[in-house]
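Everything on this sheet refers to the single structure shown next.
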Amino acid sequence: MSFTGTLSELALCDLVEITTLGAKTGVLDVVHPNGAPAGRLAFRDGALVSASCGALSGARGFYALLALDEGTFVFDPERDLDESADGALPTRSLLMEAMRRVDEIDHLRHALPAAGHVARRAGEPRDDVEATVLGCLAPGPLPVSEVVARVVADGRADEHDVLQALARLRERGAVDLLA
């Protein structure tokens, strides 16, 4: 029997714990409020065996999915596990890291508001995420939300990593945050 609900009523981290402690097998699909698929978690005997959120998979997909606080979910114990489900992911440590990242995302969102625009200045990237962020800004300033969406869409990083890269670039003077 399937189990459905909303993320506002039952947080995804709680649902993962229930599934893990209950040693459940099945697929958990998460849907954005607009009806678009957000991602999927697969469990075998309570062990998380695959995670995806958009173009992100594995730990990054798990973190991105757990950052969602709106939408709906369906857990289907009758559904076959994905072909990619090949081993247990360290659920406890992933949950702890996901909660840390959610807190940090809240802090970063405050420092880098989604509606704020980011413009490139002088400076070189120090890693792949920074390079991708700066590449998005080549034609001109973009809203923070657009930079995050573009980098996340290509599967190279999740929101946390993009916001961290923007914060580092801003600190070094490589980008400006415009009002």
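The values are calculated or read from the model by the stated rules, or taken from the named source; none is laboratory data. Since this is a predicted model, take the numbers as computed values, not measurements. Every residue, glycine among them, receives a Cβ derived from its backbone with ideal geometry; neighbour counts consider all protein chains shown.
Filter the stretch 1-41 for residues that are under 17 Å from L89 (Cβ atoms) and in contact (Cβ under 8 Å) with a residue 60 or more places away in the chain and give the result. Listed by number, the residues that qualify are L12, C13, L15, V16, E17, T20. V31 fulfils the conditions (1) over 11 Å from F73 (Cβ atoms); (2) in contact with a Pro (Cβ under 7 Å, 6 or more places away or on another chain) except for a single criterion, (1). Inspection of the stretch 76-99 identifies at least one residue that is part of a strand (DSSP E or B) and either modelled with pLDDT of 90 or more or among the charged types (D, E, K, R) (or both).
Taking the stretch 109-124, which residues are surrounded by 16 or more Cβ atoms within 10 Å (Cβ to Cβ) and without any contact (Cβ under 8 Å) to a residue 24 or more places away in the chain? Those that are surrounded by 16 or more Cβ atoms within 10 Å (Cβ to Cβ) and without any contact (Cβ under 8 Å) to a residue 24 or more places away in the chain: none in the stretch 109-124. Within the stretch 46-65, track down each residue that is out of contact with any strand residue (DSSP E or B) (no Cβ under 9 Å at 6 or more places or on another chain) and either free of Cβ contacts under 8 Å to residues at least 60 places away in the same chain or not aliphatic (A, V, I, L, M) (or both). Scanning the stretch 46-65 gives G46, A47.
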